[in-house]
């Protein structure tokens, strides 16, 4: 595929010429494809929210009690961090589009840094929960021991670790993608005129933070009323 | 000037010299489609012979050749291979890859390298599924539906089967995505959506289902894996979960998946009927839009798999009503095909008789489906041989028959050779007779209460099982005969020319047969409908040097 791509021409009966869209360098095709891929992410998390909502209706009080025990400060900080990282990602893309490669790279590094901070905070959170006996296959989440939580809480925490875990996995993939993007920028493969890769990774990062925007209230905030004294 | 594989290796990685590596690394959609076909039919025969083994076992009541647990594993293996490895990816991966870009005048799919990666992802999924046969306690024994909580408690390799299904699902998503972008972006100039051949419409509707439904099964399988290893309790009642929730999530994907199987097959039918009736298709738009509406309504009917699983009466009634609804666009297609044939110059070539045979078998499959849509009847027939027969009439007698029709139709396009029509027709009649002998008795056995998935039965069911058994033998011999005919055609057949069927769609206007690398040497401007015939002759003619219309 090393040959230079020259768009083909189709000629109609009147002799008018029409440019044939090829798959090579199809910016809109690349964007459309990635939007569709993001749609699959939405459906994947959507199915998990469905499970969550179903068990919430079965065990409303357990869900509120379990949610109340989560650390809203750490979760809230993480939300802010992700929102800011979406901003840095977007700004970087804008910079790339006006040709400021150095600024764009700086912004990508900032995003990577924020993503790492997110993961570190997440790590602290999970560690604290583990120390309280709440973790998959551990102490309070086992069935039939004296410490066992009620079914509703157990399901809540099970989904909490599954969903935030899967989300964290997406963050790790995102960091990998951004490092790869930096490599491509340094190699001159991503530039002002050819930035589809950047565009799509920014889109990916948007979906990752968007999912968190839904994950955060469903896990952290539904129990907040009980803690602050009002429902 | 067209390129060859030798001056342009056309590979995903590097420029290998050996022909073998050029195939393994190829990004050419036609070669990828052929590789899919080779792998899928290998698995198809594995599953066919697994089924035959079950028929041998069921020849008489009591144990003959295999014991009960092995029988459970056999029908699971049959289901998993047929569903996840063969029929779900089947027509899109083979004909979607080979023919769809040719039909819209594209040089390749939108993301050729992704297409290559998808193929190898599919192979990876196949390897995981195969590995589960030989590791530990062997292949899963849950049935292909993996219903919780049994699937979470059995010692067999359910998790590997789930992982395989997840990987294959991912491959399916990426194929669908690739085709959607291809159809949106790479149509030849002038080809609007309503000038696309109907097979492309079928692939388009299918691709949306692949894209939007598959993630749900993906996450369901992940949740089941989480459940198994981390004991969350999502689907296990002993841990507070709800096994019916698994069924809901499973069928939210797996019911649209049957439309995912049938829609491209209907697309093949919509190619064959006008071509061999030498007549413009009746109701082009209704067929195109019925594909889209089947894809849409198909999402809302999954509950009819759960009539006996514990659902509210309101939900049952709604799902029953919606299921009746999905039959309407399907009926529209059937009437359109029959109306196309009316006063056409019908040519009874092999693809056409496969199509006509399918009209009979799929009608039986479809109408028996309507009977079990009714809640009351379904309570009686759920999990009996009746639903097994219904499913196989619809999928084997619908999807696979039309896939065979497509294979006969596009064989000269793909190989440049023609098989012997007498042999091919004989193979059709043998299979058609064998098929009906195999499956029709099951309707009766199921009606009298023969449950599915049982390895033993009461003596009064013996007659049905034995008729089925002989039908199966006839069917399998017809199948082998058909593939032998293909093989002979490929190795010793006469050159077919580029357009042996007098067809009108773009894949038959190639500079050579089989099509050269990068397809059309020159892309035509499409200002005509896909099936324009006048007095039995194609209307649109091209100057093949410039691909300009000269009619």
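Computed quantities for the displayed model
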quantity: Single condition residue B:472 does not satisfy, out of (1) touching a residue at least 60 places away in the same chain (Cβ under 8 Å); (2) under 23 Å from the mean Cα position of the chain (by Cα); (3) surrounded by fewer than 21 Cβ atoms within 10 Å (Cβ to Cβ); calculated: (3)
quantity: Cβ-Cβ under 6 Å pairs, at least 6 apart or on other chains, region B:117-132 side farther than 21 Å from residue B:13 by Cβ, far side outside any helix (DSSP H, G or I); calculated: B:132/B:139; B:132/B:157
quantity: Condition broken by residue A:88, with the remaining ones in (1) free of Cβ contacts under 8 Å to residues at least 60 places away in the same chain; (2) surrounded by fewer than 15 Cβ atoms within 10 Å (Cβ to Cβ) satisfied; calculated: (2)
quantity: Subset tally (residues that are surrounded by fewer than 21 Cβ atoms within 10 Å (Cβ to Cβ) and touching a helix residue (DSSP H, G or I) at 6+ places or on another chain (Cβ under 7 Å)) for region B:346-358; calculated: 4
quantity: Subset tally (residues that are within 12 Å of chain A (Cβ to nearest Cβ) and assigned to a loop (DSSP other than H, G, I, E, B)) for region B:97-127; calculated: 8
quantity: Any chance residue B:177 is part of a helix (DSSP H, G or I), within 16 Å of residue B:94 (Cα to Cα), at the interface with chain A (Cβ under 7 Å from one of its Cβ atoms) and out of contact with any strand residue (DSSP E or B) (no Cβ under 9 Å at 6 or more places or on another chain); calculated: yes
quantity: Residues satisfying the stated conditions in region B:180-222, i.e. in contact with a helix residue (DSSP H, G or I) (Cβ under 9 Å, 6 or more places away or on another chain) and part of a loop (DSSP other than H, G, I, E, B); calculated: B:186, B:187, B:188, B:191, B:196, B:197
quantity: Enumeration of residues in region B:228-247 that are buried (at least 21 other Cβ atoms within 10 Å of the Cβ), at pLDDT 90 or above and in a helix (DSSP H, G or I); calculated: B:246, B:247
quantity: Sole exception among (1) under 27 Å from residue B:267 (Cβ atoms); (2) crowded, with 22+ Cβ neighbours inside 10 Å; (3) in contact (Cβ under 8 Å) with a residue 40 or more places away in the chain for residue B:211, by number; calculated: (3)
quantity: Residues being farther than 18 Å from residue A:210 by Cβ, within 32 Å of the chain's Cα centre (by Cα) and surrounded by fewer than 17 Cβ atoms within 10 Å (Cβ to Cβ) - total across region A:9-31; calculated: 4
quantity: The listed residue being facing chain A (nearest Cβ under 8 Å) and closer than 21 Å to residue B:302 by Cβ, out of B:212, B:168, B:186, B:162; calculated: B:212
quantity: Given (1) crowded, with 24+ Cβ neighbours inside 10 Å; (2) part of a helix (DSSP H, G or I); (3) within 14 Å of chain A (Cβ to nearest Cβ), index of the condition residue B:148 fails; calculated: (2)
quantity: Residue tally, condition free of Cβ contacts under 8 Å to residues at least 24 places away in the same chain and either closer than 25 Å to residue B:412 by Cβ or buried (at least 21 other Cβ atoms within 10 Å of the Cβ) (or both), over region B:320-345; calculated: 0
quantity: Subset of region B:498-513 [out of contact with any strand residue (DSSP E or B) (no Cβ under 9 Å at 6 or more places or on another chain) and assigned to a loop (DSSP other than H, G, I, E, B)]; calculated: B:498, B:501, B:505, B:510, B:511, B:512
quantity: So residue A:63, is it assigned to a helix (DSSP H, G or I), in contact (Cβ under 8 Å) with a residue 12 or more places away in the chain and in contact with a helix residue (DSSP H, G or I) (Cβ under 9 Å, 6 or more places away or on another chain); calculated: yes
quantity: Some residue of region B:375-392 being modelled with pLDDT under 95 and closer than 17 Å to residue B:264 by Cα; calculated: no
quantity: Subset of region B:271-287 [surrounded by 23 or more Cβ atoms within 10 Å (Cβ to Cβ) and under 23 Å from residue B:324 (Cα atoms)]; calculated: B:287
quantity: Scan of region A:5-32 for residues that are over 20 Å from residue B:549 (Cα atoms), out of contact with any helix residue (DSSP H, G or I) (no Cβ under 9 Å at 6 or more places or on another chain) and within 9 Å of chain B (Cβ to nearest Cβ), ordered by number; calculated: A:22, A:24
quantity: Those helices (runs of 4 or more DSSP H) lying entirely in region B:298-415 with at least 2 residues within 17 Å of the chain's Cα centre (by Cα) and within 30 Å of residue B:471 (Cα to Cα); calculated: B:350-373, B:385-394, B:401-415
quantity: Qualifying position, being touching a helix residue (DSSP H, G or I) at 6+ places or on another chain (Cβ under 9 Å), under 30 Å from residue B:200 (Cβ atoms) and buried (at least 24 other Cβ atoms within 10 Å of the Cβ), among B:167, B:88; calculated: B:88
quantity: Verdict on residue A:63 being over 30 Å from residue B:547 (Cα atoms) and within 11 Å of chain B (Cβ to nearest Cβ); calculated: no
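The values are calculated or read from the model by the stated rules, or taken from the named source; none is laboratory data. The structure presented is a predicted model; accordingly, all values stated were derived computationally and were not measured. As a convention, Cβ positions derive from the backbone with ideal geometry for all residues, glycine included, and neighbour counts pool all protein chains shown.
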